[in-house]
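For reference, the structure discussed in these notes is given below.
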Amino acid sequence: MDKLEWAVDTVDGTTFEKIAGEILRNEGYDVHESGVIGTDGGWDARIVLNGRKGIGHASVDNNWRGKLRNDAESVEELEKEQNESFDHLVFVTNQRVTGQQELDMEEEIEEEYDWDLKILHRRHIIGITGHERPDLAERHFGFNPKRNDDHIDQVLGLRDERLDLISNRKDVASDLEKGPAAVIHLIPNGVFSGNYVQRSDDLPGLPRVGKLNVHPGTESVGKGKLNAGGRLRQPYKSYTYLRKDGLFEAVDTWVFREDEEDGLLLNNARRPKESLDCKIGITVQAGIRALKNMGVTGTAFCFISLLDARGATVSYETRISGPPKQKPLRTEQYTTDLAEIPLEEADVVDSLRNPLTEIWQELGWDVNLHYDEDGDWIGPTVQFAESGQFPADN
């Protein structure tokens, strides 16, 4: 499955209804949206093609046939309420529809309602956004499928530039406490397209690292918003930062501590206030929330980095048996492999399983204590009053 196929399969309902309207216009329809979106991504519009009036519906519901039948009933009710007659129904779905299924539904709708039915489904969406209208993919998924230059190198360059600034305590990190730090970067797929540029005072407020609730300490700084945590007039120990182009950055020094006997320790106990895994998961979930609030859709690249952390080992609860011998981190800077994650809060723990486990394995562990052998999260559930919980409910 390539990136475009995955994007179409996992698109959220709100994004899909925007795509649906543009695809219908691309197919020659005059489209007048109702402005109403259902909880399942359902959407409708009055459409006209060659003088023939109809209704367009769109949905990401897995049970596309059931949704189409329900929509057809709604259109029939509309005909009666408005005392008008429609000629056709167009249903736009991101689901897989076979040729026989399409023929069967066309026949069913014609017999039941005397309308022509047109289904634009997964294959059509991929074909149109991948070949005819790659601008739609770039606008709504964050990448251009026909672009020859691979922008991954640009993403890596942006990440490395930010890590250098943090290491050297420049830019928004200028007042960050010295010493080792854990860094989270979320970089939207379309960060270089300019789609997300807006005034910094329009950006959403930010929570602090390891929190979901927005903190009143958020302030506009340069090209973005910053929320730095620490004592008054003292170097801050953590911060979250959202830039107007969609870059989300979070830095935390609290997860490291020095021990007289064991040296530099990376806290990864099951208690959420001490755990790197939990702090990262909560912060990524909060970052996704902030990105969606500013209009980012599609996916984001996620990196977890440990800076100035040579010699670090994992600090874990005494009742847990660790590996026979931990391997102290061998480099001053370690960054996990790129992880591309959907901007959905419920997908955070699954998306972070590989990068988080990579850190444990780099330090000599065979497993990550926060995931079971099936890869399911078994770490803490953390509640935040009026702000939801980590991990988010499905």
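The values are calculated or read from the model by the stated rules, or taken from the named source; none is laboratory data. What you see is a predicted model, and the numbers here were worked out from it, not measured in a lab. Backbone-built Cβ (ideal geometry, glycine too); neighbour counts: all protein chains shown. Please note that ligands, DNA and RNA were not included when accessible areas were found on the heavy atoms of the full protein model with its side chains. Shrake-Rupley method; radii C 1.70, N 1.55, O 1.52, S 1.80 Å.
At-a-glance table
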| read-out | value |
| --- | --- |
| Only one of GLN326, GLN361 that is within 29 Å of GLU161 (Cα to Cα) and either open to solvent by 20 Å² or more (accessible area, probe 1.4 Å) or not in a strand (DSSP E or B) (or both) | GLN361 |
| Only listed residue being open to solvent by 30 Å² or more (accessible area, probe 1.4 Å) and either under 21 Å from GLN389 (Cα atoms) or at pLDDT 95 or above (or both), chosen from ARG233, ARG208 | ARG208 |
| Residue that is more than 20 Å from the chain's Cα centre (by Cα) and β-branched (Val, Ile, Thr), where the choices are THR336, THR313, THR299 | THR313 |
| Which numbered condition GLY217 misses (of (1) within 30 Å of LEU24 (Cα to Cα); (2) of a type outside the set (S, T, N, Q); (3) surrounded by fewer than 19 Cβ atoms within 10 Å (Cβ to Cβ)) | (1) |
| Neighbours by Cβ (under 7 Å, 6+ apart or cross-chain): first from region 342-363, more than 23 Å from ARG330 (Cα to Cα); second open to solvent by less than 50 Å² (accessible area, probe 1.4 Å) and small (Gly, Ala, Ser) | LEU343/GLY298; LEU343/ALA300; GLU345/ALA392; ALA346/ALA392; VAL348/GLY281; VAL348/ALA392; VAL349/GLY281; SER351/ALA339 |
| Tally, over region 102-134, of residues that are open to solvent by less than 40 Å² (accessible area, probe 1.4 Å) and of a type in the set (D, E, K, R) | 2 |
| Wholly enclosed strands (runs of 3 or more DSSP E) of region 1-101 bearing at least 1 residues modelled with pLDDT under 90 and surrounded by 15 or more Cβ atoms within 10 Å (Cβ to Cβ) | 30-37, 43-49 |
| Residue list for region 295-320, restricted to those being farther than 21 Å from ARG353 by Cα and modelled with pLDDT under 90 | GLY295, VAL296, THR297, THR318, ARG319 |
| Any hit, region 277-294, residues being assigned to a loop (DSSP other than H, G, I, E, B), surrounded by 22 or more Cβ atoms within 10 Å (Cβ to Cβ), in contact (Cβ under 8 Å) with a residue 24 or more places away in the chain and not acidic (Asp, Glu) | no |
| Among (1) touching a helix residue (DSSP H, G or I) at 6+ places or on another chain (Cβ under 6 Å); (2) in a loop (DSSP other than H, G, I, E, B) - the single one GLY246 does not satisfy | (1) |
| Subset of region 1-25 that is farther than 16 Å from PRO145 by Cα and aliphatic (A, V, I, L, M) - its residue that is farthest from the chain's Cα centre (by Cα) | LEU24 |
